[in-house]
1. Around PHE32, under 9 Å between beta carbons, what's the net of Lys plus Arg minus Asp minus Glu among the other residues?
2. At 0.36 nm per residue, and after removing the present C-alpha to C-alpha distance, how many nm does the segment from LEU146 to SER44 gain when stretched out fully?
3. State, to one decimal in nm, how far the label point of ARG167 lies from the label point of LEU203, with both points 7 Å from Cα in the Cβ direction.
4. Take peptides 20-32, 239-251 and line them up by average Cβ neighbours within 10 Å, highest first, as a rough protection proxy.
5. Strictly greater than 15 Å: what percent of every Cα pair in region 153-215 meets that?
6. Quickly rank 187-196, 213-222 as a protection proxy: mean count of other C-beta atoms within 10 Å, highest first.
7. Please express the Cα-Cα pair-distance distribution P(r) of region 14-64 as a list of whole percents, one per 10 Å bin, running from 0 to the bin with the greatest distance.
8. Rounded, prolate or oblate, given the Cα gyration tensor of region 50-149, with a/c below 1.5 counting as rounded?
Amino acid sequence: VELSEGLDGQWTHEKDVHHMRIFSRLMDGMRFPLVKGVVDVSGSELAKSFANDKQDATACAVREIFCFSISCFANQLMDKMKGDDTLLETWGDADVGACLLHMKWHKNALSSAKDGIFLRTARRQPVDGLACDRLTHATVPVPAELAAPHAAKVEAALNGVAHKPQRLLLSWVDVLPRVGGGLRVTLGLHADPEVSFLTPTSLVRSAILDAAGTCLSLADMAFNLRLPKPIKLQPMDCDEDLAEVIMAGQSMRVPKCFAHVLADRKPVAGRNGVASSAPLRATAESASAKTATSASAALPREPSSAKAVQAAGVVVSSPSVGPAPAGSPPSPSEPIAASTAPATAVAAAEPVESTTASTPAAA
């Protein structure tokens, strides 16, 4: 949260990409900077796409953007190098959820396949003056002692393919509703990629900045796609413990460890007369059976004006955040459509290995 809010002298404004600003911050003893993308969306833009008769537009948008950022399916749309994630362990309570994930990235002509075991935590925080809460998740590598008990499961996930360690140090996504309407989406990451001495440092740095640009893709994805159903931390055809919650006024199955973070809450008396929130419903269910709901994942919103995600893109494929102007041609009905997560595919440029976790989280 502190890194999301800080825009002081420690941060350098690198560039603007449409509605997104990209910043960097030097880290002591590190070759490459911490980077983040920041997108501000106005209340009027949100009202056009997210308003419904059960919750206000900002609350709906916050949940949807956050859900896209944790979805394995959405992160694979955003990052062409992203492989499958395997859920190893979970924890959760009323305002904080956590899980242990084994994450993989594909190889390419200049980079080996990568993997790592990461801890992802998600937190829900009240915002003074608003009934809508802030949602944040962060992903960090875990120490060997925490990973050791899951060696057999990791070995099975690797399926005999050699992988090198993914040197992602931190990634996060923060979705902050703003007093007066609108919201701010921040996606940040810090990586120390292993690169050849023949590769210019400036090229690596540029690729890392482009990876932070996934923030705009994430916002666009929420505007132009329906949420995958159910929301999963693993591929859609994998078994996963889910919980059914009421989210933004609608029933949704989400990862059990994040159920209390995402579920709607009944208004209760809050400080300064502002409504606070209490859990509404989060009924756990077993998701051992593979369902046909994956076919409805990431369908275009109706009416949809999103362009198809450019899987190999290094820059955001959509020129703006929000609905496309009237008269735009409808997007194809394939699951890969629109731009964002997490993101429209803003994969780290080769020869650097992908560093987006997911967001993702990337993050």
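The values are calculated or read from the model by the stated rules, or taken from the named source; none is laboratory data. Bear in mind that the values here come from a model prediction, so they are computed numbers and not experimental data. A quick note on method: Cβ atoms are made from the backbone with ideal geometry, for glycine too, and the neighbour counts reach across all protein chains shown. Surface accessibility is based on the protein's heavy atoms, side chains included, excluding ligands, DNA and RNA. Shrake-Rupley method; radii C 1.70, N 1.55, O 1.52, S 1.80 Å.
1. Taking every other residue near PHE32 into account, the sum is +1.
2. Additional length available on full extension: 32.2 nm.
3. 1.6 nm
4. 239-251, 20-32
5. Counting pairs separated by more than 15 Å, the tail of P(r) holds 68 percent.
6. Top to bottom by mean Cβ count within 10 Å: 213-222, 187-196.
7. Pairs per bin, as whole percents: 22, 31, 25, 16, 6, 0.
8. oblate
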